[in-house]
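Single-structure report; data block below.
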Amino acid sequence: MRSPLLWPLLALAGLLLYNLLVTPAFFALRVQDGHLFGSVVDVLRNGAPTALIALAMTLVIATRGIDLSVGASVAISGAVACTWIAGSPDPTSPGTAVVAVLLAVGLCLVLGTFNGFLVAGLGIQPIIATLVLMTAGRGLAQLITDGQIVTVSNPFFSGIGGGFLLGLPIPVLVTAAAFAVVALVTRRTALGLLVESVGVNPTASRLAGIRARGIVWSVYVLAAVCAGVAGLMISSTVNAADANNAGLWIELDAILAVVIGGTLLTGGRYSITGTLVGALVLQTLTTTVYTTGIRPEVTLVFKALVIIAVCLLQSPKLRGSSTRRRRGSPPPAAPPTPLVTEPTPASAR
Amino acid sequence: MTATTTAPAPGTTRRRRPGMPSGQTLPVLVTFVLFVALFTVGSLRYDSFFSAQVLLNLFVDNAFLVVLAVGMTFVILTGGIDLSVGAVVALSGVLAARLLAAGWAPVPVMLTVLLVGLALGTAMGAVIQHLEVQPFVVTLAGMFLARGMCFVISVESIPIRDPLFTAIAQSAITLPGDTFVSPSALLAVAVVAVAAYVLHSTRFGRSVYAVGGNEHSAMLMGLPVARTKVAVYAISGTCSALAGLLFGFYSLSGYSLAAVGTELDAIAAVVIGGTLLSGGVGLVVGSLLGVLVLGIIQTFISFEGTLSSWWTRIVIGVLLLVFVVLQRLLVRTPSGAP
């Protein structure tokens, strides 16, 4: 059996090959002050927040959920951190930055707990449960920043998004570490299997003794925390919190990365490596569009075409093995069966 | 969706007395009751809230959203989702404005717009069904494509000055009691009525519910699953284009950034109206009520009048939360939380 990663990887390779032919400078790497620079590094650094969110989204989707509120969490996290730093008596000290980071991540922990409560505690459909925070979240972020764009100049805080460690950008290292930890924890223990079983059938897995509720709850907390860290990266890169635009539509990009990576939105099966590849494909695509100088208005059309191409290539692989359905016309229509007049009542689910 | 959808064991079926609402109508009833409650609270809290015109304005202001929600109901009933509707609304508006500016007659413009919506919906449905790509991805790509096409057509807002369009936009139909509605509102109600008829009294409607209930069983029963699934996206695409025209009447302009995020409003309306995102359960009347609930929340905000823009968002979020939680507590399905 071919790997489901084949097509996403080929898409990535194709994009890179295109860059190699059209803009050879894409691959130029240079070391300046012991730090690595270049388009490839930019792809990794700019893609880090989306990849981090996509990582958590993979687990959320694996439990048959979805989290629309991550973009709002990104905005709130940046708003809290920047407002705290700007309002503190010593806005340049490392201590202030540490408190700001802890506050932001702590608040996101609360937001994730809230989402988890709605989904796992009350049993509200995930898309609606997280829509609540998606709607209210940006308003909250604006309330925190008082409707302004809060700018800060704290060297330690800037380091989160713009700093380097061992020559590599810190966001890349943070995201890589998160991927490594999540991959280890879910794939080297039974946790990943439990997450998948909850996605396949929450009721059955609960009856089988799996604490389905706790697992669902914790993936939403993880999603919000990852979004919070991503929000810190985004706001510290520009040294400002923009409640309206920070992380706008990042949830769609994250979901797209997950899906390109071969995870089914119906839950029950996921690939963390696939998500990583998916996030790289998206970011490479975005950077390629910018470096090639395609008219900005056409960018969305271009993005749509590439996405559909990747998914089309992937599709037979995606579902061919799981369902053996007959393509084309179904058998000649039987006389209308009275059996189907009554749709499945809610009580049957 | 395999083991869970087998016939319920005798113990788990709720005994239903005659006249008791079924699992499908109960959420709609609850939505209705909560809507009445919201209206009552508004009437007690604000002067002049309690009037037929406030109620009718919900239809006038949200006519396009009602039409979107109807299309979305078809899609969600089959267990799919359509994220492209907001972008198609914008595309329809921009396309109509552009064609009118180019000197086309209004009727061919409307037909062209509807055909574009139908074609886009059918194309997405065909990709979803025959190439087996997930609806979320296909319609997300459709959303990018439609938004991108808007920008290709025009980045600026194009005003609509066509006499027929302005006539429709400005005409009001007087109802007894010194109230009025717009033609768009009547059209939206007509769309709901047609959709309700199609879903509950035609063979196609049965197929929609059957596909959403269990696609595999529907296929084994010999229902035209493929045709049904493509058709619901075609319906949603056409509804989006029609909604785009209604939005054009409402705003008398075509703008590329119009209706951003409306797809989520439409999905929220459908779900608030008691339709399950997993498919197979729901009523189109519920979606209408869902839109009215979203509309009355907006009315609350405008009657309050003093809220700054961010408080508006927070209040909408909180009211949505209260509503969703209340509905959840009132409608308890046996399967319970995951």
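Which percent of the accessible area of the protein assembly as shown is formed by carbon and sulfur heavy atoms (probe 1.4 angstrom)? Show your work: numbers first, answer last.
On the way: 19530 of 28480 Å².
Whole-percent figure for carbon plus sulfur exposure: 69.
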Practice prompt. Please calculate the 1.4 Å probe accessible area of B:Leu145, with all protein chains present, and give it to the nearest 10 Å².
Written response: 50
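Using a probe radius of 1.4 Å on protein heavy atoms only, what is the accessible area buried between chains A and B, both sides summed, to the nearest 100 Å²?
Working: alone 18010 and 17060 Å², together 28480 Å².
That pair hides around 6600 Å² of surface in total.
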Worksheet, complete the sentence: With all protein chains in place and a 1.4 Å probe, B:Ser201 shows an accessible area in Å² (nearest 10) of 70
Discussion item. As a test of reading the structure, rank B:Met124, B:Met219 by solvent-accessible area (1.4 Å probe, protein chains only), most first.
Written reply: B:Met219, B:Met124
Worksheet item: So what's the Cα pair-distance distribution over region A:156-313, bin width 5 Å, in %?
Response: 2, 8, 12, 18, 18, 16, 13, 8, 4, 2, 0, 0
Item to complete: Translational diffusion coefficient, Stokes-Einstein: compute it for chain A using the Kirkwood radius over C-alpha pairs as Rh, at 25 °C and 0.890 mPa s, and state it as an integer in µm² s⁻¹.
Response: 114
Practice prompt. Can you quote the Å³ per residue value for the convex hull of the Cα atoms in chain B, rounded to an integer?
Written response: 160
Item to complete: Grab the DSSP H runs of chain A that are 4 residues or longer, score each as -39,500 (n - 2.57), total them, divide by all residues and round the 222 nm result to the nearest 500 deg cm²/dmol.
Response: -21500 deg cm²/dmol
Discussion item. For a bin width of 5 Å, list the pair-distance distribution of region B:247-338 built from all Cα-Cα distances, rounded to whole %.
Written reply: 3, 11, 17, 22, 19, 15, 8, 4, 2, 0
Worksheet item: Residues of region B:162-211 with accessible area at least 20 Å² lower in the all-protein-chain context than alone (1.4 Å probe)?
Response: B:Arg203, B:Arg206, B:Tyr209
Practice prompt. Would you tell me the accessible area of B:His130, worked out with a 1.4 angstrom probe on the heavy atoms of the protein chains, in Å² to the nearest 10?
Written response: 80
Worksheet entry | Most mobile listed residue (A:Ser205, A:Ser271, A:Ser69) in chain A, GNM with C-alpha springs under 10 Å | A:Ser205
Practice prompt. Scan region B:78-166 for chymotrypsin sites (Phe, Trp or Tyr not before Pro) in coil per DSSP, keeping those whose Cβ has at most 15 other Cβ atoms within 10 Å, and list them by number.
Written response: B:Trp104
Discussion item. Quick check for you: with a 1.4 Å probe and neighbouring chains kept, what is the accessible area per residue of the protein assembly as shown, in Å²?
Written reply: 41
Worksheet item: Calculated from DSSP H runs of 4 or more alone, at -39500 (n - 2.57) each and per residue, what is the 222 nm mean residue ellipticity of chain B, nearest 500?
Response: -23000 deg cm²/dmol
Item to complete: Work out which residues of region A:132-175 lose at minimum 30 square angstrom of accessible surface when the other protein chains are put back, relative to the chain isolated, with a 1.4 angstrom probe, and list them by number.
Response: A:Val132, A:Thr135, A:Ala136, A:Gly139, A:Gln142, A:Leu143
Worksheet, complete the sentence: Here the relative contact order (percent) of chain B, from C-alpha pairs under 8 Å and at least 6 apart, is 34
Discussion item. Counting each pair of different Cα atoms once, what's the Kirkwood radius of the protein assembly as shown in Å, rounded to one decimal?
Written reply: 26.2
Item to complete: Mind jotting down the distance between the C-alpha centroids of region A:249-301 and region A:101-127, whole Å?
Response: 25
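The values are calculated or read from the model by the stated rules, or taken from the named source; none is laboratory data. A quick note: this is a predicted structure, and the numbers were derived from the prediction, not measured. Positions of Cβ are generated from backbone atoms using ideal geometry, with glycine treated the same way; all protein chains shown enter the neighbour counts. We work out accessible area using only protein heavy atoms, side chains counted, and drop any ligands, DNA or RNA first. Shrake-Rupley method; radii C 1.70, N 1.55, O 1.52, S 1.80 Å.
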